[in-house]
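J.: Input: one structure, supplied below.
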Amino acid sequence: MDYLKVLVKYYSEKEWCYQETYESLEWLDETIPKPTQEDLEQLYDDLLKEEMRMERNKLLKESDYTVLSDFPTANKQAWLDYRQQLRDFPSVWSVGVPFPTKPIS
């Protein structure tokens, strides 16, 4: 669990000190209470999902040209299948599951 990544993303405007573990998190901000370890873990999961979706969207955008009617390829169906797998990917994703493999043009 990357607490620092979560703290920087969601609490960058708050005052805190951190050194590796949740126990080392010193919460200096008086506007909100220190988030619980469970709160930070949930935010980390949300952050990972957001990063996965961003990467998935990037891969879809990068492959847009492959499904144009004038794109010359013998693997049109393979590209269509790949893009469908990308669109379905969030429903099967968990940490460590690789993205679908790009077909050969």
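FYI, it's all coordinate maths here, none of it is from the lab. Values in this document were obtained by computation on a predicted structure and should not be read as measured data. Using ideal geometry, Cβ is built from the backbone for each residue, glycine included, and neighbour counts are taken over all protein chains shown.
J.: Taking GluC sites (Glu not before Pro) that fall in a DSSP loop and have at most 12 other Cβ atoms within 10 Å as cut points, what is the longest piece of the chain between them?
T.: 31-105
J.: Next up: Taking the structure as given and computing percent of Cα pairs over 16 Å apart, which label from [x] 65; [y] 53; [z] 74 fits?
T.: Derived directly from the coordinates: [x].
J.: How large is the helix-only mean residue ellipticity at 222 nm for the chain, computed as the sum of -39500 (n - 2.57) over DSSP H runs with n ≥ 4, divided by its residue count, in deg cm²/dmol to the nearest 500?
T.: After summing the helix terms and dividing by the residues of the chain, the value is -16500 deg cm²/dmol.
J.: List, in order, the whole-Hz ³J(HN,Hα) value for each residue of segment 92-100 obtained from phi through the Karplus relation with A = 6.51, B = -1.76, C = 1.60 and θ = phi - 60°; use x for Gly and Pro.
T.: 3J(HN,Hα) across segment 92-100, in whole Hz: 10, 6, 8, 3, x, 7, x, 5, x.
J.: Work through the residues other than VAL67 whose Cβ is under 15 Å from its Cβ and net out their charges, Lys, Arg +1 and Asp, Glu -1.
T.: +1
J.: Quick check: net charge around ILE32, other residues with Cβ under 14 Å of its Cβ, Lys/Arg +1 and Asp/Glu -1?
T.: -3
J.: Suppose each label sits 7 Å from its Cα in the direction of the beta carbon; what would the MET54-TYR10 distance come out to in nanometres?
T.: 1.6
J.: With +1 assigned to the C-beta of every Lys and Arg and -1 to the C-beta of every Asp and Glu, and no other charges, what is the dipole magnitude of segment 3-92 about the Cα centre in debye, to the nearest 20? Don't jump to the answer; show the numbers that get you there.
T.: Working: 12 positive and 20 negative charges, 147 e Å.
So the dipole magnitude of segment 3-92 works out to roughly 700 debye.
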